[in-house]
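Engineer: Could you have a look at this structure, given as structure tokens, before my questions?
The values are calculated or read from the model by the stated rules, or taken from the named source; none is laboratory data. Everything numeric in this text was worked out from a predicted model, so none of it was measured. Glycine gets a Cβ as well: all are built from the backbone with ideal geometry, and neighbour counts include every protein chain shown. Just the protein is used for accessible areas: all its heavy atoms, side chains included, with ligands, DNA and RNA removed. Shrake-Rupley method; radii C 1.70, N 1.55, O 1.52, S 1.80 Å.
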Amino acid sequence: MHESSLIVTVATGLVLAFAFGFIAARLRFPPLVGYLLAGVAIAPLAAGPEVDAIASQLSEIGVILLMFGVGLHFSASDLLAVRWIAIPGAVGQILWATLIGALVALAFGWGIGAALVLGLALSVASTVVLLRALDQRNGLETTNGRIAIGWLIVEDLAMVLALVFVPTLAAVFGTGPVDPHAVAEAAAPAAEAAHAAESMTGNLFLTIVYTIAKVGAFVAVVLLLGPKVVPWILGQVARVGSRELFTLSVLAIALGIAVGSAQLFGVSIALGAFLAGVVLNGTELSHKAATDSLPLQDAFAVLFFFSIGMLFDPWILVEQPLHVIAVLLVIVIGKSIGAFLIVAALRFPLQTAVFVSASLAQIGEFSFILATLGTAQGLLPVEAGNLIVAGALLSIMFNPIAFALVDPVTNWLRGIPWLARFEPTGPSSPYATLERQLEQTRREAEEKEAERVSNLTKDLVNKFPMFTGLDAQRREELLTLFRPKSAAPGERLIRTGERADMAYFISSGAVEVAVGDRRIHLGPGDIIGEMALLSGGRRTADVTAIDYSQFLTLDQWDFRQFIAKYPEIGEKLNEVAAQRDEMNRREREGAPPAAAPAAAPAEEVSPAPPGSPAAEPVPPG
């Protein structure tokens, strides 16, 4: 392992992370614990400057993709729904946890800069760990669960801003990078910030103003130009029809904006990656971007946690046990007390206060990112990273116990008479008001869904006149059988020789049917693939999307149910098939074709009935 290379390190990391992650999941711990322990396990066998450099570089790529994912999945609606408790609560809790974490660091004998970074790193909980914990307890859609999720969204946003100012803190309080291999890109912002600080006579206020100006300029450029340039680029790439090229374009945008933020504006690559995700989040192709890039995001997230584990020195548990205990107490006890008092002060029930406290009694990915950047900037001693990893491992392993104690602790607190009297009740309490607001939000979402279904039923009739005879209720029943599907230009939908498994009703866009040398273009109102389902034969044509296309699909089982439940529609399909057979026969015999859609094999394509907009002749492509 001393002669390890990038390939060996990545391969070893993925294999061990899989094994340890699987074991952790079987033991009902988050897989993140397994990824960290895998790195810890391999670290003694992979010691050496080359491996340390590779681990640092992998962790930095992991940071970029993690932050990109945070931006890509950022939900303003989840935050706005609980903003009156999440925003003041999270801000207050961050300040409280940063204060007590900084005091602990000062007690260790560290400097002010190191104390501030350690406090920030201990103040933020892991969204990954929380979501898994809530999912296991069916708490994602509960009021307390929504509060906890909104709280952590605010924490994530606050840490994005904190990462911007770490280089500034390093310019004022730091001693320069302590590891020449650590995060090359992160060093550039520190150098620029240091130069700025020197040119401004070391004035901290001016340094902060200078940093804010750079960040403001970068954010303005990205948010003003990004929504115009990025969708256009993705649209052009998507029209090429290459899935791998589209995935590459997404990653190029994420990495390009992230690295460009450091090189051109001297700000954190984490902020650049986050904003790249936010820009993509606002595009029509955001779902496709998220889907296509998710496997790579997950892979590098695993390697990020694995590399953090590799850089962890477990001997700190033996050499500095009191420091480890102090950090763990800040995470589990200090943060929980602060969160409890804040929630109670906002006049929410005791159970909500205890639930939020349990949710925050752990740290994770943002803590590692801050530790990595702080160490690279010369703000944190190396032991700080080890303390943070140790605190993360122990607090994550304790977190299931914290959630299990929520109800017993709540009941105990309610048994204290003077404390129970302060618990707000009644319809005017903040919790009851929030529940009504969340219920109103849910009803509005249901109304929007009902409106969407209504529009779909109207659209169904407009585009597919064969459904005109169905009443409104039967149309809605019909919609329950359909499954929406989309296709980018160049995506193959049907291949010659395949077994028939699905019928496609084209809602929008266009497809090309290839039969030998013939090319037939079909669009909204046309149906493809249903005749092979009826006959039980194999596909006889290739069908490819040639524009962004939307379909209503029926799989083989649902299609048979469809025909059985709506025999009048089956008769119309048979009429269409007979018409198609006649068209194909006339073309083979050289007779003039009737005014109908371009011919294609009956086994693959059916046109809309005569008289519909799609029943006009379409010249071969």
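Engineer: State the dimensionless ratio Rg/Rh of region 83-166 (Rg: radius of gyration of Cα atoms; Rh: Kirkwood radius).
Structural biologist: Details: Rg = 14.4 Å, Rh = 13.6 Å.
Expressed as Rg/Rh, it is 1.05.
Engineer: While we're here: Quote the relative contact order of region 313-391 in percent (integer), defining contacts as alpha-carbon pairs under 8 Å separated by 6+ residues. Show your work: numbers first, answer last.
Structural biologist: Values: 61 pairs, mean separation 30.8, N = 79.
Averaging sequence separation for qualifying contacts and normalising by length gives 39 percent for region 313-391.
Engineer: Packing-wise, with mean Cβ within 10 Å as the measure, how do 307-315, 64-72, 512-520 rank, highest first? Each step should come with its number before you reach the end.
Structural biologist: On the way: 307-315: 22.4, 64-72: 24.7, 512-520: 16.6.
Most protected by this proxy first, the peptides run 64-72, 307-315, 512-520.
Engineer: Please state the shape class of region 380-531: rounded when a/c is under 1.5, otherwise prolate if a/b exceeds b/c and oblate if not, all from the C-alpha gyration tensor.
Structural biologist: On the way: a/c = 4.08, a/b = 1.84, b/c = 2.22.
In terms of gyration-tensor shape, oblate.
Engineer: Let me know the Kirkwood hydrodynamic radius for region 282-384, please, with Cα pairs as the basis and the value in Å to one decimal. Spell out each step's value before the answer.
Structural biologist: Numbers: mean 1/r = 0.0592 Å⁻¹.
Answer for region 282-384: a Kirkwood hydrodynamic radius of 16.9 Å.
Engineer: Oh, and also: Which order do peptides 147-155, 219-227 fall in by mean Cβ count within 10 Å, highest first?
Structural biologist: Result, highest mean first: 147-155, 219-227.
Engineer: Separate question: Once neighbouring chains are kept in place and the probe is 1.4 Å, which whole percent of the accessible area of region 278-381 is contributed by carbon and sulfur?
Structural biologist: Values: 2530 of 3580 Å².
Accessible surface attributable to carbon and sulfur in region 278-381 totals 71 percent.
Engineer: So if I average 1/r over every pair of distinct C-alpha atoms in region 457-552 and take the inverse, what Kirkwood radius in Å does that give? Numbers along the way, then the final one.
Structural biologist: Details: mean 1/r = 0.0714 Å⁻¹.
Its Kirkwood hydrodynamic radius stands at 14.0 Å.
Engineer: I would also like to ask the following. Any idea how far the Cα center of region 290-318 sits from the one of region 551-577, in Å?
Structural biologist: Centre-to-centre (Cα) distance: 50 Å.
Engineer: In whole Å, largest first, what are the principal axis extents of the Cα atoms in region 521-582?
Structural biologist: 33, 27, 23
Engineer: Which whole-number value in Å³ per residue fits the convex hull of the alpha carbons of region 341-451? All intermediate terms of the calculation are to be shown ahead of the outcome.
Structural biologist: On the way: hull volume 19.4 nm³, N = 111.
Hull volume normalised by residue count: 175 Å³.
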